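Worksheet: the structure to be examined is printed underneath.
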Amino acid sequence: MKRILLSIVPFVSFTLTLCAQDKWDLKRCIDYAVANNISVKQADVQFRMDKLTHAQSVLAQYPRISSQHSGGFQFGRSIDPTSNQFTTNEIFFTNHGLDIGVDLFNWFSQKNTIAANKYLAQAGGAKLEKAKNDIALNVANAYLAALLNKEQINIATVQLGQSLDQVNNIKKQVDAGALPELNLAETQTQYANDSSNVITAKTNFTLSLLQLKALLNIDADQAFDIVTPPVESIPLEPLADQQPDLIYQSAVENLPQQKINTLNLKASEKNVAVAKAALYPTISFFGGLSSRYANAQKLIPNNYQAMPANIGTVNINGTSFPVTTIITQPTGFYKNTYFKQLNNNFSQNLGIGLSIPIFNGGMVRTNWQKAKLNLESQQLVKEQDSKTLKQDIYQAYTNALAAIEKFNASKITLASAQKAYDFARKRFDVGLLKPIDLITNQNNLFRAKINLVSAQYDYVFKMKLLEFYKGQGLRL
C-alpha cells in the first residue's frame, strides 16, 4: 500500500533524480526506504521465519524416521552378545537401528497446527506490509517537512533582501542628513534579525534532511538533496468526497493492521483446538529395523562329522566295559564376517501405540485454558484497534477540516498583510511613515507568508492522510 503515499508528489519526474545534483523525489525516497530501512528488514526476516514455521508444521504430518549407530569395546565381566553368557574377554561391538513412527490420529492436532501457522504466516506478511506503509508515511511526512523548511528559506531570503535594500536606502538618507541615525539603527537591527531567520531556516532544512536520511538508512555525511516541486500542483480530492464513515469502511478492508488482527484471531481459534486435542489419547504407528555385530564370534561351523566318544565305563561281573556314544563334531569352519553377522542378526518390529494422558501436573489443561484466554485477548485487541482506527479517521477528518479553514484564513491574512505593507511602503517612500512602522508591517508580511506555507503543507499532508486511510491508489 505504499503506492498510496506516492500520490503526494506525483508530478515529480523520475528523470530529475538523475541530474548532476542527484536530487531525490518522493517516489525514490519511499522505494529506497522500503528496500533499506532496518525496521522493514526486521519485519521481512520475521515474515520468513513465520513461513518456515508453517512449512515445518506441514512436514510434521509425514512419518518420523531416525537411524541410530553405535560402536565400542566391552571388557571385564560382561555378557557375550553372541552366546548370552558371561565372559571376561574384550569384545568389539557395533549396533545399528532404523526407527519409524507416525501419528495415526491425534484429534486433528496437526491439521489445526498447520492452519494456525498458516494464519500466522499470513499475518507476518501483513506485518511486513504495515512496516512498509509506516515507513512510507514517515518518509512522506519528513519529505514534506523538508519542503516546508526549504520554502521558508526562500521566504526568509526574500525578506533579508528587502531589509538590505532598506538599510542601503536609509543609510543614504542618513548620510545626507535627511533622517536621524536612529532610523538606520532600527533597519540594521531588522536586517540582523532577518539574517538570523535565514540561518535558522537553513538549519531546520539541514536537520529535516538528516531526519529523512535516517529513515532511508543513509549515512549522515552522504550528499543528499530533494526535488522541490510546487506544492500547488499536488492533486487533492475535494474534502466532500472524504467522508469519515466511508473511509472507515474502506480502511477496515484494506489496512494491514486490520488484516493482522483478523489473522491472529483465526490462528488463536486453531490454537485452542490444538491445546484441547492434547487432553485426549493419541494413536500412533511405529516400526523398526535393527542388527548388531561382535568380534567374539569369529568362526561358525559349516561341516559336521559323527564320531564315537567314550562317556564312561560299566562293571559287569567284575569286568569293566567302556561306554560310548555317537556325537557330532564340527570339521569345517567359515569366518563370521561383519556383514554376515548383520544379516544373521537382522530383526524387524511393527506395532500400534496408544498414548493416554492421565496426569501431568495440570500442564495440558492449563495450556488449553491459556489458549482460550489468548483467544479472548485477541478478540479484545481487534475490537480496540477497530475503535482506535475509527477514532483516528474521524480525528484526521476533523483536522483536515481545520487545516483547510486555517489555510483559507492564512490566504486572507497574507492578502491583508501584503496590502498593508504596500501602503506602508508607499508612505515610507514619501517620508510619511517611520522606518520602525515599515519594519512592523514587513514583519507582519513575513509571518503571514510563513504561516500560509505552513498551513498549506499541513493541509496537504492531512488530506493525503485521509487518502492513506481510504486506500486510494496511485494517481500520476
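The values are calculated or read from the model by the stated rules, or taken from the named source; none is laboratory data. As the structure is a prediction and not an experimental result, all values here were calculated from the model. All Cβ positions, even for glycine, are placed from backbone atoms using ideal geometry, and neighbour counts span all protein chains on display.
Identification of strands (runs of 3 or more DSSP E) wholly contained in region 267-352 with 3 or more residues that are loosely packed, with under 12 Cβ neighbours inside 10 Å yields 299-316, 319-335.
Are any residues in region 32-41 touching a residue at least 12 places away in the same chain (Cβ under 8 Å) and either within 13 Å of the chain's Cα centre (by Cα) or not in a helix (DSSP H, G or I) (or both), and if so, which ones? Answer for region 32-41, where residues must be touching a residue at least 12 places away in the same chain (Cβ under 8 Å) and either within 13 Å of the chain's Cα centre (by Cα) or not in a helix (DSSP H, G or I) (or both): Val34, Asn36, Asn37, Ile38, Ser39, Val40. Every condition in (1) at pLDDT 90 or above; (2) not in a helix (DSSP H, G or I) is met by Ala20 except one, and the failing one is (1).
Condition check ((1) in contact (Cβ under 8 Å) with a residue 60 or more places away in the chain; (2) closer than 30 Å to Asn441 by Cα; (3) buried (at least 16 other Cβ atoms within 10 Å of the Cβ)) across all residues:
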position	(1), (2), (3)
Asn183	yes, yes, yes
Phe224	yes, no, yes
Ala240	no, no, no
Asn261	yes, no, yes
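Okay, residues lined up against (1) in contact (Cβ under 8 Å) with a residue 60 or more places away in the chain; (2) in contact with a strand residue (DSSP E or B) (Cβ under 7 Å, 6 or more places away or on another chain):
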residue: Val274; (1), (2): yes, no
residue: Ile283; (1), (2): yes, yes
residue: Ser291; (1), (2): yes, yes
residue: Pro322; (1), (2): no, yes
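Within this structure, Lys434 fails the test of being in the same structural domain as Lys27 (by TED's automatic domain parsing) and either over 28 Å from Lys172 (Cβ atoms) or under 26 Å from the mean Cα position of the chain (by Cα) (or both).
Put simply, of Gln391, Gln379, Gln442 the only residue that is out of contact with any Gly (no Cβ under 9 Å at 6 or more places or on another chain), free of Cβ contacts under 8 Å to residues at least 60 places away in the same chain and assigned to a helix (DSSP H, G or I) is Gln391.
For the subset of region 338-396 comprising residues that are touching a strand residue (DSSP E or B) at 6+ places or on another chain (Cβ under 8 Å) and among the aromatic types (Phe, Trp, Tyr), which member is farthest from Ser268 (Cα to Cα)? Selected residue: Tyr338.
What's the number of the only condition in (1) more than 30 Å from Ala273 (Cβ to Cβ); (2) exposed (fewer than 15 other Cβ atoms within 10 Å of the Cβ) that Gln384 fails to meet? Result: Gln384 fails condition (1) only.
Among the residues of region 168-221, those that are in contact with a Leu (Cβ under 9 Å, 6 or more places away or on another chain) and among the hydroxyl-bearing types (Ser, Thr, Tyr) comprise Thr187, Tyr191, Ser195, Ser208.
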